[in-house]
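Values quoted throughout were computed directly from the atomic coordinates according to the rules given, and no laboratory measurement underlies them. None of these values were measured; they are calculated from a predicted model. No Cβ is skipped: glycine too gets one built from the backbone with ideal geometry, and neighbour counts run over all protein chains shown.
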């Protein structure tokens, strides 16, 4: 039979029907409404009761208990509906001022994660001594005792041989209980190697605000007071924090503000924006400086923040250098230098050619943005800056906030509010000589070397460069790793060029993985320990910002544990500490015993007590009325626990003007802070800053290294062989790459614009597809210079010609029955990381994910 | 004798495959059919429509002597009525395998909805079945009941036109939606009913090798001419349906039918099922031969069978509303092996009943 | 009796699908069946492209063709305007699916949640099986099964019958909003009584020019839409010749 499939073009038109014709019928319906009202107005109380009772306790079969969702980094406070110890539903915690009771689509998938049939029931050990992607580990179950004994023996071996630095702890998704395991345990054992995942996340995004206004963190945005919102690769309705809050208010933001979005792919947020600027991947910097150019040239900068020309005449004229003396700056540093060194020639016409965005549109957006000052937000996402040369783009994009005075201002970009959690007791007294000596070694990720400065918070070698650890391990450089523990991480899936991790992990003689599912990382482990699910089974807390508030939200065990899981950050280190103490090394256990219950003063005597006491310890100032410092007030632990979330005081606007944590105390267009950091790094290596630039793939030389500026993107692959630029993006259903074993993930995958249910598609512009003879539904192989994947082609207008967009999240070859096509053998869909080479934005240590490689497509 | 058992053996294979399908449907699920949420009505239902309309067509034929008083048709009365029963049983088999929860049909009695044409259809078919059995019993015992015959005629009219109502009220699916079908169905039903009668009688004649009376021969020549004329009329109607709905209509809802024009079932229906039989039966030389009659009536039945499928698919292959999300404009259909078994089951049951009747109930006998 | 209706504000809607996923959850709906769903469209050609999204669900029509055609009144109207289905009476003829202009009725082609019946473990001895998980957790069909659905409709509908959105009648009778309304992070769904002149739905219906889907068919849906998903501004122009 004829199986021809035509492309559907007029779906909506068809579905809506002829609305115009229906006016009469609508009026008719209203008339009957009126009649009915007259007859039965007494009945409406039922509905009022209805409205009033939602949110309050109903006569349901269960109970809403507080929880925290870490499906993405929004870290919302939640409530979970518990029936007979079973989690049944999830909703936003109405007590949070950050997410205001709002949920999101991905939060519901947590239920399918919790009750994932492929979770590990008990500890297991490898029985196949050979390690590798092709080697079935042949896991068999073991008791917690046996598993922990084995680990303790291995650690003791290191201690006995004075080589504790060969121990390594890899951290993935964490709560703020992390330091128990990540920091204290690593230090007391005696290793420098606590390696977090942070540089896989968005360190380059923090680079921009730090080297302009001195905050190494994510920002929050006062969107409800903004008149212009300019999004740079950020997709707040789907993937960027704070998804729930921004989803809640976006309908109002649309009313009040012009929304423009810079992104090569039509994202979820682009669907609700006034302007879409489908930029050529990697060229964001050019657009940012051109917009800055227009704002200055048009005289639209925010004078109460930046200052003005002494004589009031705007001397920012395209192509002309300005005398620094002519301008009197207020709360910023180096606006004229910025103009002279970078902006003066960066006209919309210049940028148009580079970015592929029409000059009129650049001008229009720039002018609109400038006119909205200071209520104009330049919102930096990961896309423009998690690139090899993304550091200065991060600065250029964030500098726009400085130009329009949106920093720390109403309708602008804000930092985190104050919160009052406490750090755990210091480990120093429990570090013996072996530990102190061990900790002094260079870290396995090689951070701080000339080509990887990792300038976190102005400190060379301060930031992690996660993905480089694989090379450190593979090359025994600076030394070999003998014992490693990873928790809630999956670097052999989540890091670019994961094949390196597969080899590196195979090389580690003894590897432990703490995880919920047997992942691509577990595949190489000797011992796998079953972890609790953060949302339902763990004690912990996290902090998040949004809506001008910060909340601290609790994670609590609220369901019956179905199998024998233990909490990664507290129970497991405690149990290990006990095992180490049995072997004559009790420093860790003695240290942990100092985490006393603030209510009773009792020291912990078991893993369970330790998990609870350490949380109470860390959050005491939030719930103990005697130690109250600000924000929500509780009358004790129980009250805090029942609410599940603490909210900060409201945001104090403009308090940081002139008091920013930069070298000059001002918002730096000319970054003295970056200059100091770079010079220090150069000095460490006995070279000049220009050599550092060269070693880190940057083109800037001299003074330009200290100002935001445009750099041509560094993209691997020859254009002739690899005609497309790869565009990676995130799904609104991703729970950090951990939702691929949930049926709902696939059944609702088309909630990501352009994607399809039960498939993994690469989105190709129809013009390109035509050139290459590709049709929707074709099975294709995508290759980059460093790897390849198989997926399905999808022709879509929402992607820039010359680029191919593909969503991250699928392509697991382990993790579970649904995540993989054949567990341990064959992947379902393809993982973008198989295409992305292990490249870095070296100044921050970030892995580069965007505009980093070219790709080619073949039909298979 | 051996031939009969061989024939019965063949029929049993069909029945066994049908029972196997029934087992699969109730263990695995309806997923053994070409299931998508879009193709909710497919081959089992179209086969049901085919059988039930053929049965109604036979009822019209059987009403010639009793309702219209055309005495000379009485000689075929017994076979016609019996064939109606057999064909109706075939339709029940297909319907039962189409329904998701056939046991719940008791609620047609307990929870009636007279606003539903489907409810009326169920009631009519139930009454129809009882009447047919009674009528046949009367004929078998030697008499024609004028009352029963008239009732059967009325019910056949109502059941075939109710099917038109049933589809005519689907405002959502214009391709199914035309009161036109209240006329189209009885007419096409009559065509397939006549074809079935001619085919079965002719095959019987051929196999039994009995001499037919001149009277009977004349009767069937007349019949065949009538069948040709009706097939021609249907062809003309069909052409208008194609032009008005499929070609000139601007309504997007006709997309499914537009798609079906040019499809395999459409062309079988039009060329094999309507045009060729019309031509064959209008040529006197061919019309008078037994083989000519067999070929023409067979083709017409094949065409009508394909036509019912074409018709059902015209209503469903174009997804409606939210079902269209993520789907192409037209969802392709290819019957699964189990759907084919359902059809086979229907035919096997019909043929079993008919063959047993032919063997044991003297269908040649004319009532008094 | 109230006459329930829903207003969906497309401008507030962010197309996230929380409605559809939470609906799955609330009503124990099997994979592949969407009581709450959407229609989307990517309109235009690059770079003048936008993505549009309209959430859909059963319209609880005042003139429901599905109810008219159902032979056993399995599909029926409640006094409060909700179009309800009784699987006990359903014969599985799918005539309602043929009749519904909106494609919101689904047929259970097989037993619900069948993947949860498997006894296989991916790593024998260390991981469990889906069937184990359901048993051990104490769910039914799925471990996260919601027993409250059972109040007015079998918690999991059997094979061979149809099912669709019920406006969460089991919640509404307890004075709770439908789950999709509660779960919508954007507050894009407003539920209420058309017979109460001051209800929120009537306030919105009075303020905006609402539309309903396929109004020309005459079904009189109880689900209204206001405003536009893509509320984008554009530079003033008179076009050109």
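Calculated over the stretch B:242-368, the projected area of the Cα convex hull averaged across directions stands at 12.2 nm². Give the angle, between 0 and 90 degrees and rounded to the nearest 10, that separates the Cα long axis of helix B:77-98 from the longest principal axis of the Cα atoms of chain B. Here the helix axis deviates by roughly 20 degrees.
The smallest convex shape that holds all Cα atoms of the stretch A:651-708, its convex hull, gives 96 Å³ per residue. Based on the alpha-carbon gyration tensor of the stretch C:198-241 and its eigenvalue square roots a ≥ b ≥ c, which shape applies: rounded if a/c is under 1.5, prolate if not and a/b is larger than b/c, or oblate? Oblate shape, in that a/c is at least 1.5 and b/c is the bigger or equal ratio. Here the relative contact order of the stretch A:724-836, from alpha carbon pairs under 8 Å that lie six or more residues apart, stands at 31 percent.
Apply 1/(1 + (r/R0)^6) to the Cβ-Cβ distance of residue A:140 and residue A:160, taking R0 = 35 Å, and write down the FRET efficiency to the nearest 0.05. The computed FRET efficiency comes out at 0.80. Take each residue of peptide A:759-770, count the partner chain Cβ atoms within 10 Å of its Cβ, and average: the result is 1. Pair-distance distribution P(r) for the stretch A:121-226, from all Cα-Cα distances in 10 Å bins starting at 0: 12, 24, 34, 15, 11, 4, 0 percent.
What is the Cα centroid distance between the stretch A:640-655 and the stretch C:86-115, reported in whole angstrom? Here the answer is 49 Å between Cα centres. Considering only alpha-carbon pairs that sit under 8 angstrom and 6 or more positions apart, the relative contact order computed for chain A is 18 percent.
Could you give the angle, 0 to 90 degrees to the nearest 10, between helix B:117-140's Cα long axis and the longest principal axis of the Cα atoms of chain B? It works out to around 10 degrees. Helical runs assigned H by DSSP (4 residues or longer) give chain C a calculated mean residue ellipticity at 222 nm of -4500 deg cm²/dmol, each run adding -39500 (n - 2.57) before division by the residue total. Please report how far the C-alpha centroid of the stretch A:84-123 lies from that of the stretch B:327-358, rounded to the nearest whole angstrom. The two parts, judged by their Cα centres, are 48 Å apart. Relative contact order for the stretch C:10-144: 16 percent, from Cα pairs under 8 Å spaced at least 6 residues apart, divided by residue count. Rounded to 0.05, the FRET efficiency of the residue A:303 and residue B:226 pair, given R0 = 60 Å and the Cβ-Cβ distance, is 0.05.
Counting only Cα atoms, the size of the stretch B:13-360 along its three principal axes is 64, 45, 39 Å, in decreasing order. The mean of 1/r over all distinct Cα pairs in the stretch A:724-836, once inverted, gives the Kirkwood hydrodynamic radius of 14.0 Å. Taking chain C as a Gaussian network of alpha-carbon nodes connected by springs under 10 Å, the highest mean-square fluctuation of the residues C:136, C:159, C:77 belongs to C:136. Over the residues of chain B, the helix contribution to mean residue ellipticity at 222 nm works out to -23000 deg cm²/dmol, using -39500 (n - 2.57) for each DSSP H run of at least 4. Using 0.36 nm per residue, how much length does the chain from residue A:628 to residue A:325 gain when fully extended, once their Cα-Cα distance is taken away? Going from the current span to full extension adds 104.2 nm. From the square roots a ≥ b ≥ c of the eigenvalues of the alpha-carbon gyration tensor of the stretch B:38-146, which class results: rounded (a/c under 1.5), prolate (a/b over b/c), or oblate? Taking the square roots of the gyration eigenvalues as a ≥ b ≥ c, the stretch B:38-146 is prolate. A protection proxy built from the mean count of other Cβ atoms within 10 Å ranks the segments A:540-553, C:161-174, most packed first, as A:540-553, C:161-174. The P(r) of the stretch A:70-184 has a tail past 23 Å containing 57 percent of all C-alpha pairs. For helix C:18-27, report the angle its Cα long axis makes with the longest principal axis of the Cα atoms of chain C; keep it between 0 and 90° and round to the nearest 10°. For helix C:18-27, the angle is close to 40 degrees. Taking every DSSP beta bridge that has both ends in the protein assembly as shown, the antiparallel portion is near 60%. When a/c reaches 1.5 or more, the comparison of a/b and b/c decides; with that in mind, is the protein assembly as shown rounded, prolate or oblate per its Cα gyration tensor? Here the protein assembly as shown falls in the prolate category.
Translational diffusion of chain A, estimated by Stokes-Einstein from the Kirkwood radius over alpha carbon pairs at 37 °C in a medium of 0.692 mPa s, is 116 µm² per second. Working note: 222 nm ellipticity from helices only, DSSP H runs with n ≥ 4, each -39,500 (n - 2.57), summed and divided by the residues of chain A, gives -8500 deg cm²/dmol to the nearest 500. Compute the separation of the alpha-carbon centres of the stretch B:120-173 and the stretch B:18-91 and state it in Å as a whole number. That distance is 12 Å.
DSSP assigns beta bridges within the stretch A:724-836; of those with both partners inside it, close to 55 percent run antiparallel.
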